[in-house]
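Contents: one structure, followed by commentary.
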Amino acid sequence: MAELAEPKRARGRPKKTEGERDDGNRRQALISAAAQLFKRQGYDATSTREIATQVGMQSGSPFYHFGNKQDLLLAVMVEGMQQAIARQQAACALASEQETDRERLRRLIRHHFDVLLGPDSDFIPVMLYEWRSLAPAQRKTITQLKDAYEAAWIPVLQSLYDKGQLQAPVGLARLMIFGALNWSVQWYEAPRQSGKAKRASLDDLTDTALQLFLRDTA
């Protein structure tokens, strides 16, 4: 009798089971819930039990995905920075070759305000508030992501400095600019659909930031 041929193995990675896919969704749900609660209540005042409850899990379920609450905090910050980098790359990809350096900086600032203050903006404020709650090795991970994010700004700032539109040295200017922009999470209130008070839009903030940082060469 002829031997039966062994079934061919499928190439590539094996498909994830339904349970494995669900685990990925649950992990993401925990990260999103943690970002919301850490931003609203603070890291120290938020328990893993609260985070689990918000996504309908048992109190011990977060530890299936994360070693401890500090690891979950790191995951929130990594998620925020990775999203910010991807969205910044997409925004820069829309720039035309005819854009001036001032217009490129405006694009970067406007995107940064979206990251800080726009929809789904829980992640980066948590990073700004809770940086000291990370372990030193975890801070190094976030620093590398921050450096990758800010790398897109440096050639634009350098070109503006070379042309005399940015008067401060690039290294110091970068720190001052991010310090000013990031502080907006402390005081900014979005415009309301109704009400008499007129509040600044993100476009208004962007235009004001440009007026502060750059010389008007017109």
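For GLU97, the criteria (1) under 16 Å from the mean Cα position of the chain (by Cα); (2) of a type in the set (Asp, Glu); (3) assigned to a loop (DSSP other than H, G, I, E, B) hold in every case but one, which is (1).
ALA168 fulfils the conditions (1) open to solvent by less than 70 Å² (accessible area, probe 1.4 Å); (2) under 30 Å from LEU30 (Cβ atoms); (3) at pLDDT below 95 except for a single criterion, (2). Looking only at the stretch 81-99, residues that are open to solvent by 70 Å² or more (accessible area, probe 1.4 Å) and farther than 20 Å from SER32 by Cα come to 5 in all. When the residues of the stretch 136-168 are filtered to those that are in a loop (DSSP other than H, G, I, E, B) and in contact with a Leu (Cβ under 8 Å, 6 or more places away or on another chain), which remaining residue is farthest from ASP216 (Cα to Cα)? Going through the qualifying residues, I end up with ALA152. Are any of the residues in the stretch 181-202 open to solvent by 20 Å² or more (accessible area, probe 1.4 Å), without any contact (Cβ under 8 Å) to a residue 60 or more places away in the chain and closer than 20 Å to GLY80 by Cα? Among the residues of the stretch 181-202, at least one is open to solvent by 20 Å² or more (accessible area, probe 1.4 Å), without any contact (Cβ under 8 Å) to a residue 60 or more places away in the chain and closer than 20 Å to GLY80 by Cα, which makes the answer yes. Pairing residues of the stretch 28-42 that are touching a residue at least 40 places away in the same chain (Cβ under 8 Å) with residues that are not in a helix (DSSP H, G or I), at Cβ distances under 7 Å and at least 6 apart in sequence or on separate chains, gives LEU30/VAL55; ALA35/ASP122; GLN36/ASP122; PHE38/THR46; LYS39/ASP122.
The residues of the stretch 102-122 that are in a helix (DSSP H, G or I) and open to solvent by 20 Å² or more (accessible area, probe 1.4 Å), listed by number, are ARG102, GLU103, ARG104, ARG106, ARG107, ARG110, ASP114, LEU117.
The values are calculated or read from the model by the stated rules, or taken from the named source; none is laboratory data. Just so it is clear, the structure is predicted and the values come from calculations on it, not from any experiment. Neighbour counts are summed over all protein chains in view; Cβ atoms, including those assigned to glycine, are modelled from backbone coordinates with ideal geometry. Areas reflect the complete protein model, heavy atoms only, side chains present, ligands, DNA and RNA absent. Shrake-Rupley method; radii C 1.70, N 1.55, O 1.52, S 1.80 Å.
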